[in-house]
1. Check G153, G157 and return the single one that is surrounded by 13 or more Cβ atoms within 10 Å (Cβ to Cβ) and not hydrophobic (A, V, I, L, M, F, W, C).
2. Name the residues in segment 165-180 that are open to solvent by 50 Å² or more (accessible area, probe 1.4 Å) and either under 19 Å from the mean Cα position of the chain (by Cα) or more than 21 Å from C118 (Cβ to Cβ) (or both), would you?
3. The conditions are (1) under 18 Å from I65 (Cα atoms); (2) out of contact with any helix residue (DSSP H, G or I) (no Cβ under 6 Å at 6 or more places or on another chain); (3) of a type in the set (D, E, K, R), and R105 fails exactly one of them. Which is it?
4. Any residue in segment 70-92 that is open to solvent by less than 80 Å² (accessible area, probe 1.4 Å), touching a residue at least 40 places away in the same chain (Cβ under 8 Å), in a helix (DSSP H, G or I) and among the hydrophobic types (A, V, I, L, M, F, W, C)?
5. Output the residue which, of all residues in segment 111-164 that are part of a strand (DSSP E or B) and acidic (D, E), is nearest to E68 (Cα to Cα).
6. Taking segment 26-40, which residues are surrounded by 10 or more Cβ atoms within 10 Å (Cβ to Cβ) and either under 29 Å from I66 (Cβ atoms) or modelled with pLDDT of 75 or more (or both)?
7. Within segment 49-62, track down each residue that is free of Cβ contacts under 8 Å to residues at least 60 places away in the same chain and open to solvent by less than 70 Å² (accessible area, probe 1.4 Å).
8. Would you mind stating whether E148 is surrounded by fewer than 16 Cβ atoms within 10 Å (Cβ to Cβ) and farther than 15 Å from D176 by Cβ?
Amino acid sequence: MACFKGVSDRRKWWSSLPIHSFKGPPFCLNEYMPYLRFEDIMQALCLTNHPYPPYADCFHDARQIIDEFNEHYMTNYIPGWISCIDESMSVWLNKFCPRWMCVPRKPHPFGNEYHTICNGDLKIGTPIMFRVELVEGKDRPPQLGRKEFEEHGKTVGLMLRMSKNLWNTGKVVTMDSGLS
């Protein structure tokens, strides 16, 4: 819903008016879930159970879910013989979301940028993203310290962090040329 420009009122997604090409949402959600149920879920939705830190951290609410995602895949997923590190965008059209950026070279240039690593072996199925890292830049609170392996430089540190579960496996890791 955050990806559609011009639909600022969440309730419009449950409109009973017919779909119009130039006004309102491109589809309605009535057949999937009542609006009041959606609101109940939104009220209870919480991405973290960690207490807020005593310093400003605009990504505090997202850190735990990203860490849990990475831990789950590190424990439960075995990628194929080749993996690729790349940059991905999480699309947001609201420029007031934390670390909102515009990356013109991307197909969907507005949102948050992530570094990702995906399985590149199509013989074992579709490419699966098995690790993500939020690109924080200058918004990273200094109280969190440097990222792991950053003493080796940004690119090498990124490659070491993203490929951790592939060490000593003989598997190949490639990187998009935009990361070098």
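1. After applying the criteria, what remains is G157.
2. M175, D176
3. The failed condition is (1).
4. yes
5. E133
6. F27, C28, L29, N30, Y32, M33, P34, Y35, R37, F38, E39, D40, listed by residue number.
7. Within segment 49-62, H60, D61 meet the criteria.
8. In short, yes.
The values are calculated or read from the model by the stated rules, or taken from the named source; none is laboratory data. Quick caveat: nothing in here was measured; it's all calculated off a predicted structure. Using ideal geometry, Cβ is built from the backbone for each residue, glycine included, and neighbour counts are taken over all protein chains shown. Surface accessibility is based on the protein's heavy atoms, side chains included, excluding ligands, DNA and RNA. Shrake-Rupley method; radii C 1.70, N 1.55, O 1.52, S 1.80 Å.
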